[in-house]
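**Q** Once you've had a glance at the structure underneath, I'll fire off some questions.
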Amino acid sequence: MKKVLVLVLALVLISTSALAAEIGFLPPAMTSPFYAACIEGAEPVATASGYELLIMAPPSEDDYATQMSMMEDMITRGVAGIAVCGINLDALIPGIKKANEAGIPVVMFNTITVLEGVDVYAYSGYNQYNGGGKIADWVNQQTGGQAKVAIIEGLPSDYTTQSMGGFIDRCKEAYPGIEVVATQPGDWVRELGMNAAMDMLQAHPEISVIYGLSDEMALGAVQAIKQLGRDDIIVVGLDGNPNAFESVKAGELTATLDCGPVAIGANAILAIVEALEGVERTEKIIEAETTVVDITLVDNYIK
């Protein structure tokens with residue numbers, strides 16, 4: 001009887017140890033290659049630190065309920081830590097509170113917007129507002145300060161507000177000849193980005209620049225201008241996805257803002273490991289560098 005009891009206790013300890021050796025990684029979906037690049041950065045760091053990366057993702061970026069359910073599942077499984085990115089930041093708060101109550105450290109990735117009322121160990125992301133400003137600077141250089149711009153928005157979120165706001169504010173501040181004449185949502189999806197670009201170009205044929213707030217939507221805009229025979233239009237995206245770099249190299253997409261997704265993923269896991277080791281952080285923001293990558297730089301970014 002004692003041998004059976006010892007065996008059962010040993011199995012429980014092994015099971016608990018296996019669970020504790022996992023770090024949860026929870027993107028809002030896998031519809032964008034951006035999150036695959038974040039995982040590319042996260043996995044080797046987790047492995048080198050002795051952890052397995054448990055990856056879960058909802059089917060779409062507006063499926064907040066499924067993301068919350070997945071986060072609760074990670075907490076129930078007893079993961080060592082959770083790295084999470086949500087399009088709707090407020091929707092994550094109940095899950096983060098549950099993780100706090102369970103003593104599981106949480107790091108948010110692809111955002112540096114600090115949440116109130118919850119304990120987030122660190123934020124690994126890039127400055128979306130400044131990124132929008134950099135794109136405005138680049139558009140100014142390409143157009144000599146004269147452009148009619150259409151913006152393809154993502155889902156209503158802090159990401160959309162910051163990336164679009166940074167561009168618009170920079171133009172108002174420094175480039176009065178660059179005018180935003182139309183905006184339409186594309187919900188981060190290529191097909192909807194194509195539809196939005198098509199609609200705006202037909203309503204405003206004077207458009208000379210399309211700014212997609214994600215690479216997938218910008219690549220949709222590339223498809224739209226091909227169909228319309230408008231090869232005079234500048235199209236710039238935002239993410240720095242591998243397929244966007246290939247499109248720039250091919251002379252289709254004009255540019256993309258590289259946001260450092262591999263570094264963002266790696267830094268998120270490094271922060272969780274720090275939290276598990278009891279390291280006290282004085283600075284919660286871990287900011288990745290951003291660069292507008294066009295044909296002059298793209299060879300440096302293609303693997």
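**Q** Of all the strands (runs of 3 or more DSSP E) wholly in the range 62-181, which have at least 1 residues that are buried (at least 17 other Cβ atoms within 10 Å of the Cβ) and acidic (Asp, Glu)? Walk me through how you get there before you give the answer.
**A** On the way: elements: 81-84, 106-109, 122-125, 147-153.
Per the criteria, 147-153.
**Q** I would also like to ask the following. Considering only the range 216-239, I want to know if a residue exists there that is open to solvent by 10 Å² or more (accessible area, probe 1.4 Å) and closer than 24 Å to residue 47 by Cα.
**A** Checked the range 216-239: no residue is open to solvent by 10 Å² or more (accessible area, probe 1.4 Å) and closer than 24 Å to residue 47 by Cα.
**Q** Now for a different question. Please list, ordered by first then second residue, the pairs with beta carbon atoms under 6 Å, 6 or more apart or interchain, first in the range 71-87 and more than 13 Å from residue 56 (Cα to Cα), second of a type in the set (D, E, K, R).
**A** Between residues of the range 71-87 that are more than 13 Å from residue 56 (Cα to Cα) and residues that are of a type in the set (D, E, K, R), the close pairs are 87/61.
**Q** Kindly provide the set of residues from the range 275-289 that are open to solvent by 60 Å² or more (accessible area, probe 1.4 Å) and either touching a strand residue (DSSP E or B) at 6+ places or on another chain (Cβ under 9 Å) or closer than 29 Å to residue 135 by Cα (or both), ordered by number.
**A** Selection gives 276, 281, 283, 284, 287, 289.
**Q** While we're here: Somewhere in the range 150-162, is a residue in contact with a strand residue (DSSP E or B) (Cβ under 6 Å, 6 or more places away or on another chain) and either within 21 Å of residue 288 (Cα to Cα) or modelled with pLDDT under 95 (or both)?
**A** yes
**Q** Out of curiosity, is residue 292 over 21 Å from residue 130 (Cβ atoms), surrounded by fewer than 24 Cβ atoms within 10 Å (Cβ to Cβ), β-branched (Val, Ile, Thr) and at pLDDT 95 or above? Talk me through it step by step, then tell me what you get.
**A** On the way: over 21 Å from residue 130 (Cβ atoms): no; surrounded by fewer than 24 Cβ atoms within 10 Å (Cβ to Cβ): yes; β-branched (Val, Ile, Thr): yes; at pLDDT 95 or above: yes.
No.
Yes/no per residue for (1) without any contact (Cβ under 8 Å) to a residue 12 or more places away in the chain; (2) of a type in the set (Asp, Glu); (3) part of a loop (DSSP other than H, G, I, E, B); (4) touching an Asp or Glu at 6+ places or on another chain (Cβ under 9 Å):
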{"residue": "199", "(1), (2), (3), (4)": "no, yes, no, no"}
{"residue": "207", "(1), (2), (3), (4)": "no, no, yes, no"}
{"residue": "225", "(1), (2), (3), (4)": "no, no, no, yes"}
{"residue": "231", "(1), (2), (3), (4)": "yes, yes, yes, no"}
{"residue": "244", "(1), (2), (3), (4)": "no, no, no, yes"}
{"residue": "262", "(1), (2), (3), (4)": "no, no, no, yes"}
{"residue": "289", "(1), (2), (3), (4)": "no, yes, yes, yes"}
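**Q** Check 16, 47 and return the single one that is at pLDDT 50 or above, part of a helix (DSSP H, G or I) and either over 27 Å from the mean Cα position of the chain (by Cα) or polar (S, T, N, Q) (or both).
**A** Result: 47 is the single residue among 16, 47 that is at pLDDT 50 or above, part of a helix (DSSP H, G or I) and either over 27 Å from the mean Cα position of the chain (by Cα) or polar (S, T, N, Q) (or both).
The values are calculated or read from the model by the stated rules, or taken from the named source; none is laboratory data. Remember, predicted model here, so these are calculated numbers, not experimental data. A quick note on method: Cβ atoms are made from the backbone with ideal geometry, for glycine too, and the neighbour counts reach across all protein chains shown. The area values use the complete protein model at the heavy-atom level, side chains included, leaving out ligands, DNA and RNA. Shrake-Rupley method; radii C 1.70, N 1.55, O 1.52, S 1.80 Å.
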